[in-house]
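To start, the structure under review is shown below, and the notes come after it.
The values are calculated or read from the model by the stated rules, or taken from the named source; none is laboratory data. Worth saying up front: this structure is predicted, and the values here are computed from it rather than measured. Neighbour counts are summed over all protein chains in view; Cβ atoms, including those assigned to glycine, are modelled from backbone coordinates with ideal geometry.
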Amino acid sequence: MANVIAAIEALADAVIANKERLTELDAVIGDADHGINMARGFEAVRGKLAAANPADIGGALKMIGMTLISTVGGASGPLYGTAFMRAAAAVQGKTTIDAETAATMLNAVIGGVKDRGKAVRGEKTMLDALEPAYEAFVEQLNQGQSLLVCLEAATAAAEQGVEYTKTIIATKGRASYLGERSIGHQDAGATSSYLMLSVLTDFARQHSQEA
Amino acid sequence: MANVIAAIEALADAVIANKERLTELDAVIGDADHGINMARGFEAVRGKLAAANPADIGGALKMIGMTLISTVGGASGPLYGTAFMRAAAAVQGKTTIDAETAATMLNAVIGGVKDRGKAVRGEKTMLDALEPAYEAFVEQLNQGQSLLVCLEAATAAAEQGVEYTKTIIATKGRASYLGERSIGHQDAGATSSYLMLSVLTDFARQHSQEA
Amino acid sequence: MKKVINNPEQVVEEMLQGAVLAHPQYVKRVEGFNVLVRANSPVQGKVALVSGGGSGHEPSHAGYVGRGMLDGAVAGAVFTSPTPDQVYEAAKAVDGGKGVLLVIKNYTGDIMNFEMAAEMAEADGIKVAKVVVNDDVAVENSTWTTGRRGIAGTVFVHKIAGAKAETGAELSEVQKIAEKVVANVRSMGMALSPCIVPAAGKSSFTLAENEVEIGMGIHGEPGTHREALRSADETAEHLLNKILGDIALGADDEVAVMVNGLGGTPLMELYVVNRKVAAMLAEKNIKTAKTYIGNYMTSLEMAGFSITVLKLDSELKELLLAPADTPAMVQF
Amino acid sequence: MKKVINNPEQVVEEMLQGAVLAHPQYVKRVEGFNVLVRANSPVQGKVALVSGGGSGHEPSHAGYVGRGMLDGAVAGAVFTSPTPDQVYEAAKAVDGGKGVLLVIKNYTGDIMNFEMAAEMAEADGIKVAKVVVNDDVAVENSTWTTGRRGIAGTVFVHKIAGAKAETGAELSEVQKIAEKVVANVRSMGMALSPCIVPAAGKSSFTLAENEVEIGMGIHGEPGTHREALRSADETAEHLLNKILGDIALGADDEVAVMVNGLGGTPLMELYVVNRKVAAMLAEKNIKTAKTYIGNYMTSLEMAGFSITVLKLDSELKELLLAPADTPAMVQF
Ligand SMILES: Nc1ncnc2c1ncn2[C@@H]1O[C@H](COP(=O)(O)OP(=O)(O)O)[C@@H](O)[C@H]1O
Ligand SMILES: Nc1ncnc2c1ncn2[C@@H]1O[C@H](COP(=O)(O)OP(=O)(O)O)[C@@H](O)[C@H]1O
Ligand SMILES: [Mg+2]
Ligand SMILES: [Mg+2]
Ligand SMILES: [Mg+2]
Ligand SMILES: [Mg+2]
């Protein structure tokens, strides 16, 4: 579980470090708070981490989900909160994650975001990072690749997904009010999704090197 | 009377042309409206001039005084309004002005400003232009000088009075709230007084050349 | 960033403390939460109204807590929907047994957070109903968007549904009248200048010296387009025409009007706008039962305004004109 | 200059038209003059109150015309005292036979113009009394100045003298209570940003990004000094200490408080200020009977605020809490 705590810390650090960048992306076609919201949430997560002492990964992710729900607000709070809650349910009782479990988790995350936000891919939301990531992950998984390779493929796909959001009109979330004026700008939520995936991938890489 | 009308027009033109400058002076140590106030007043004067058709100089000055009182507002409205009313009373029935009459008028103007504003010389107001002007005028008059020479001396003294206002603390009017911070800045009302005197002097000069 | 604050992180907390200290006759704090409720909450035997949203729209929403309007207001972070637990606490604190109406502005975040709160409250046995306000005609209501945004028209929902609740009506009736207001209220705004979210420390967009944003949202979200600043009359006409193009109003119809300042606009300018609005309505023989001019739904220090028109029938009119006693709206 | 106006020369006229169109239940225009009076003026058998001053301080002064406050308000050009004929017309229009109290803020121009108006009205046989408000402690009251300026404390004079007049009191009694308010009210303000007089088209001063003006007047007149922006608490403490240093207030004394926005300051910030003001008063065991937070006496779009403290006795308190029904202040 020390690794899990370390991974969460890396996640929190990265989100907080990107507070300004995420906010600036949201400023262009939203309301300039995505980074502030996410940073507030992950500050709270970091604050609870020491005392929480979760028994398994499910417990840790549930703590994150509940903390995000009660501290982030906005659209991203319920979305990421629900996402982590669903991920938690998918790994209940586990203390390590293999590639297969990770795929299940990512699938659960996407299910949570869709249930909560009623969006589909192509609407310029975090789903445009998450869904391609999942597909790339599963493709590698089906070829019998390691968790790290699967994650690397997922992250690369998420990054492309972020790029893709620049080319489309937003039809969900606050950017949708802009109509065509949203074209040319990348989605803040897709960016934070990609960011979290890439942090976890980096973490897995370091960890596999150590091992 | 055609000359009187022309003189009033020159006065109005000059005040209106100096709207910005007078306002800027008032901005530094007052509330940035002296030029706007005076211009509004003299626009109204100009508007009434055609229809007014005054029989004598007294009538013309009374029209100016009443118009300023009812259109300028602020401190300068009642002060200049009263000043012109008093000047009007001093020249009732006359259609030309000699040096002696002009001295009486200027004295009446000062009396009006003092009665209305309760200020004395040295408080950084229009009186710091008007009183030296009157003294210089009378000095020339006593030496038997022409109206033009008297006016020229008065205007020069008023200009020095304006300079002098830069060196003193305001103890009347809005600039008095500033205390020592008012030092170094010239008084807007003294400046408009000097301006009007200098316009009348210029007018007298042109007129005497023509004659 | 030039603001009279102590700490950007503490500004909502300190504002709430300052509000309770200013208005103890009207509001009290739900301990531990960013929730203000009526000083005498819960009011027994009355449907309770809870509204809320991001902070920065003051006097919305706590300014409307009091007799004849809201029972509780939930304050999120600046321009950020409050979290479900906060809304849930508000619902618990105000429920007097007849249920709670949640007044939600149509933003993805607000809807999700309030819906989660509703589920939590319902799990406790509290009857919950919701109304979603979407009065902003700047945003086209098509299948391609999340629908119109809720802006200043929300204040009319508070006023009218609040008055209805005061009559002892049932939750379904209060919800129904709230939905009637939503069906009959339209707004549109514009901004002359941006505002600065304290935690961000800089403005979220910039406008050139002569440029304005038409159809501006109340969170600094961009509007329909930018254009050169026009006269007050032309701007008012543009906004009002968009509104009138969206709601059928004929001769002898009666309306309520709100000319709402966004926070940094002098009241003088709102009156100049109202002059044109009133003239246009009079020209169409539309009667104005009541006009509200002032800062009702703001965006921090943003300069700009919105126009809201509410089409009245006798029921809406009576409830609009009914007494209210709250920090930001008193009528009698 | 970025303003929602049509023409700088017409802005006062159009504002007055917009106000009458917005509030016909409260005010009507004295034809041909920049004067708004109660819709039912003159009220017979009641002392009438007339206030006024330059425009740009909205809702002062027309916003306080209505039952329990003013009978008439005179609007000068922006930041410029109205002329005597305007004030005179107001006095004539509101006199109900018991005389007229002129509420004057202590500025050379206001005093001279209102005095000339008083002479004109008296010549018509109207009984006239005057009260001069000078609540601004930023300005030292010495023989070397024209005395303190009148700022937001003027609203308390309107409220309390207005309530007294409503009781049927005589002119001398209404004047006396107004003077009692003046003797017991103190204010001080500060500005974060300048404002732009429409006819001038540019701001009358500039402040550096981090600079504020302490003791700012309400016409953009400079204050006591400039300093770097401090925290809300420090700024509020500085202003309140100046106020408390000027009026004897002890434990168990009771006050009314106004935290007044200058026009461009978000309500959020005024509440943050009030938190500190309330804490300081509570620490001294001074009770606060009522707190007013909002834009009561503004300077166009200027950002900043003022604090006003009114020391109450039972008479002042009763009149302060008495009903009022005006566009900008409703109490019941
Ligand atoms: N319905 C939705 N489904 C999925 N993601 C969404 C939805 N609506 C918004 N988002 C995501 O949320 C992000 C905005 O989050 P945030 O700025 O924190 O909330 P808000 O829009 O309430 O200010 C968007 O960039 C987008 O990726
Ligand atoms: N008591 C006074 N006596 C004489 N002149 C005065 C007095 N008070 C003010 N003034 C003059 O009036 C000028 C200001 O006029 P103006 O700006 O139009 O009025 P306000 O001060 O009301 O804005 C000052 O510059 C000063 O010369
Ligand atoms: Mg956002
Ligand atoms: Mg001036
Ligand atoms: Mg937001
Ligand atoms: Mg002035």
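All conditions but one from (1) away from every other protein chain (no Cβ under 12 Å); (2) under 20 Å from C:Met15 (Cβ atoms) apply to C:Gly63; the one that does not is (1).
A count restricted to region B:45-80 and to residues that are within 30 Å of B:Gly184 (Cα to Cα) and either near ligand 4 (Cβ under 9 Å from one of its atoms) or surrounded by fewer than 24 Cβ atoms within 10 Å (Cβ to Cβ) (or both) stands at 3. In the set (1) without any contact (Cβ under 8 Å) to a residue 60 or more places away in the chain; (2) in contact with a Gly (Cβ under 9 Å, 6 or more places away or on another chain); (3) of a type outside the set (S, T, N, Q), the condition left unmet by B:Gly173 is number (1). Within region A:40-68, residues that are at pLDDT 95 or above sit with their Cβ atoms under 7 Å from residues that are outside any helix (DSSP H, G or I) and surrounded by 24 or more Cβ atoms within 10 Å (Cβ to Cβ), at 6+ positions apart or across chains, in these pairs: A:Arg40/A:Val72; A:Arg40/C:Ala77; A:Gly41/A:Val72. Among residues of region D:153-170 that are in contact (Cβ under 8 Å) with a residue 60 or more places away in the chain, those with a Cβ under 7 angstrom from a residue that is among the charged types (D, E, K, R) and part of a helix (DSSP H, G or I), sequence gap 6+ or separate chain, pair up as D:Lys164/D:Glu173. When the residues of region C:1-54 are narrowed to those that are among the β-branched types (Val, Ile, Thr) and more than 30 Å from C:Thr206 (Cα to Cα), which ends up farthest from the other protein chains (Cβ to nearest Cβ)? That would be C:Val47. Within region A:28-44, if we keep just the residues that are facing another protein chain (nearest Cβ under 9 Å) and within 6 Å of ligand 1 (Cβ to nearest atom), the residue that is surrounded by the fewest Cβ atoms within 10 Å (Cβ to Cβ) turns out to be A:Asp31.
Among residues that are within 30 Å of D:Phe305 (Cβ to Cβ) and crowded, with 19+ Cβ neighbours inside 10 Å, C:Glu209 is not included.
The number of residues in region C:79-95 that are within 12 Å of ligand 3 (Cβ to nearest atom) and over 15 Å from the mean Cα position of the chain (by Cα) comes to 0.
Residues B:Gly112, B:Gly179, B:Gly161: which one is surrounded by 20 or more Cβ atoms within 10 Å (Cβ to Cβ), within 14 Å of chain D (Cβ to nearest Cβ) and not hydroxyl-bearing (Ser, Thr, Tyr)? Let's see the steps before the verdict.
Values: B:Gly179 fails: surrounded by 20 or more Cβ atoms within 10 Å (Cβ to Cβ); B:Gly161 fails: within 14 Å of chain D (Cβ to nearest Cβ).
Of the residues listed, the single one that is surrounded by 20 or more Cβ atoms within 10 Å (Cβ to Cβ), within 14 Å of chain D (Cβ to nearest Cβ) and not hydroxyl-bearing (Ser, Thr, Tyr) is B:Gly112.
With the structure loaded, tell me whether B:Gly122 is within 16 Å of ligand 6 (Cβ to nearest atom) and within 23 Å of B:Leu25 (Cα to Cα) or whether it fails that test. For B:Gly122, the condition - within 16 Å of ligand 6 (Cβ to nearest atom) and within 23 Å of B:Leu25 (Cα to Cα) - is not met.
Here is a check on your reading of the model: is B:Thr104 under 27 Å from B:Ile5 (Cβ atoms), of a type in the set (Ser, Thr, Tyr) and under 15 Å from the mean Cα position of the chain (by Cα)? Walk me through how you get there before you give the answer.
Values: under 27 Å from B:Ile5 (Cβ atoms): yes; of a type in the set (Ser, Thr, Tyr): yes; under 15 Å from the mean Cα position of the chain (by Cα): yes.
Yes: the conditions hold for B:Thr104.
Can you name the strands (runs of 3 or more DSSP E) wholly within region D:108-222 that have at least 2 residues being within 14 Å of chain B (Cβ to nearest Cβ)?
Working: elements: D:128-133, D:185-191, D:211-214.
By residue number, D:185-191, D:211-214.
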